[in-house]
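The values are calculated or read from the model by the stated rules, or taken from the named source; none is laboratory data. This one's a predicted model, so the numbers in the text were calculated from it and none came from an experiment. Virtual Cβ from ideal backbone geometry, glycine too; neighbours counted across all protein chains shown.
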Amino acid sequence: MTALGEVSSRAEMEEPHVGVSSRSVVTEVSCVIGCRGLAKRFGHVEALRNANVTVPAGSVVALVGDNGAGKSTLMKTLLGINRPDSGHVIIGDKQVRLQGIRDAQAMGLEAVHQDLALAPQLSVVDNMFLGHELASRGLGIMSRREMTERAANALAELSINLPSLTVAVRELSGGQRQAVAVARAVMWATTAILLDEPTAALGARQSEIIAELMRTVAARGLGVLVISHDLPRILEAADTITVLWRGESVLEAPSSDLTVPELVATMVGYREGGAA
Ligand SMILES: Nc1ncnc2c1ncn2[C@@H]1O[C@H](COP(=O)(O)OP(=O)(O)OP(=O)(O)O)[C@@H](O)[C@H]1O
């Protein structure tokens, strides 16, 4: 993996930033990945206008909001896929200007997008290394046995049981594929993983397993930022919830302080001053 020191030549580091939005109740915490005052337009669409999120190490933070609220845009901006029009991204308590996804990866971020980006015809082991061929080379030439061992360890650490590591990924269930994508992200991440709707296509039991997996990942010290529409489950799995409403973060609170009806009301009808 690229050493962090190499990043500064590509991702411009700025001064550490403190302070969060006035409605935030999560203040002055260390931030492995987050942002302050992000704005992003696509033509006449204001996808983000004042987005703030803070993901501390060892925490699961859920990003919720109605369709079109800006959740995916925010995640892509945190990953350097989108460039913000204003505001800034924070990684490891420092403001950074990411030039692309490679910068984000070099700073220890890994993402699991909705399409999972797995190669169905390749084995579990090959998928665990997919997209990280350059980083793997940095580890020296790995034999097939070493790759299999490394993948097996990564899966075992997350208590992921699969029928075989040599089976093609297309033969796994949806939940097992999702688990492989999460395990790959965790294997390469050193600061945080970002998950876009990891349980959208899963049944109840498989969704439960992925929720447990997020807790396990956080317990290992990584930050976890997850987009979810599954409010009951995410209230249980996340430490903190951030609500986006029309591109603006309007609520950031410990999940233990929130209920599903409160979340829904905030997601669909937030108005400054209270009433929906
Ligand atoms: N590349 C793009 N070009 C033009 N408009 C975009 C682009 N990406 C997002 N948008 C617009 O920005 C707004 C926010 O979209 P985004 O996908 O971030 O919302 P979301 O909260 O993730 O929605 P959903 O829950 O439906 O996935 C939408 O109006 C969307 O159409």
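Quick look at the values:
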read-out: Segment 101-115: number of residues that are within 16 Å of the ligand (Cβ to nearest atom) and of a type in the set (A, V, I, L, M); value: 3
read-out: Residue satisfying all of: in segment 57-100; within 23 Å of THR199 (Cα to Cα) and more than 16 Å from the ligand (Cβ to nearest atom); surrounded by the fewest Cβ atoms within 10 Å (Cβ to Cβ) among these; value: GLY58
read-out: Which listed residue, of VAL180, VAL167, VAL96, is touching a residue at least 40 places away in the same chain (Cβ under 8 Å), aliphatic (A, V, I, L, M), more than 26 Å from ALA211 (Cα to Cα) and out of contact with any Cys (no Cβ under 6 Å at 6 or more places or on another chain); value: VAL96
read-out: Which listed residue is of a type in the set (Gly, Ala, Ser) and under 29 Å from ARG41 (Cβ atoms), from ALA237, ALA192, ALA181, ALA168; value: ALA192
read-out: One residue from SER123, SER86 being closer than 23 Å to ILE210 by Cα and among the hydroxyl-bearing types (Ser, Thr, Tyr); value: SER123
read-out: Residue match in segment 130-143 (condition: at pLDDT 85 or above, at negative phi, crowded, with 18+ Cβ neighbours inside 10 Å and not small (Gly, Ala, Ser)); value: no
read-out: Residue within segment 120-127 that is modelled with pLDDT of 95 or more, assigned to a helix (DSSP H, G or I), touching a helix residue (DSSP H, G or I) at 6+ places or on another chain (Cβ under 9 Å) and within 16 Å of the ligand (Cβ to nearest atom) present; value: no
read-out: Looking only at segment 245-254, and only at residues there that are surrounded by 19 or more Cβ atoms within 10 Å (Cβ to Cβ) and away from the ligand (no atom under 14 Å from the Cβ), the one that is farthest from TRP188 (Cα to Cα); value: LEU251
read-out: Segment 101-118: number of residues that are touching a Leu at 6+ places or on another chain (Cβ under 6 Å) and either outside any helix (DSSP H, G or I) or buried (at least 22 other Cβ atoms within 10 Å of the Cβ) (or both); value: 3
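Residues are listed down the side, and each one gets a yes or a no for (1) farther than 22 Å from PHE129 by Cα; (2) touching a residue at least 60 places away in the same chain (Cβ under 8 Å):
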{"residue": "THR191", "(1), (2)": "no, yes"}
{"residue": "PRO198", "(1), (2)": "no, yes"}
{"residue": "ARG233", "(1), (2)": "yes, no"}
{"residue": "TRP245", "(1), (2)": "yes, yes"}
{"residue": "SER255", "(1), (2)": "yes, yes"}
{"residue": "MET267", "(1), (2)": "yes, yes"}
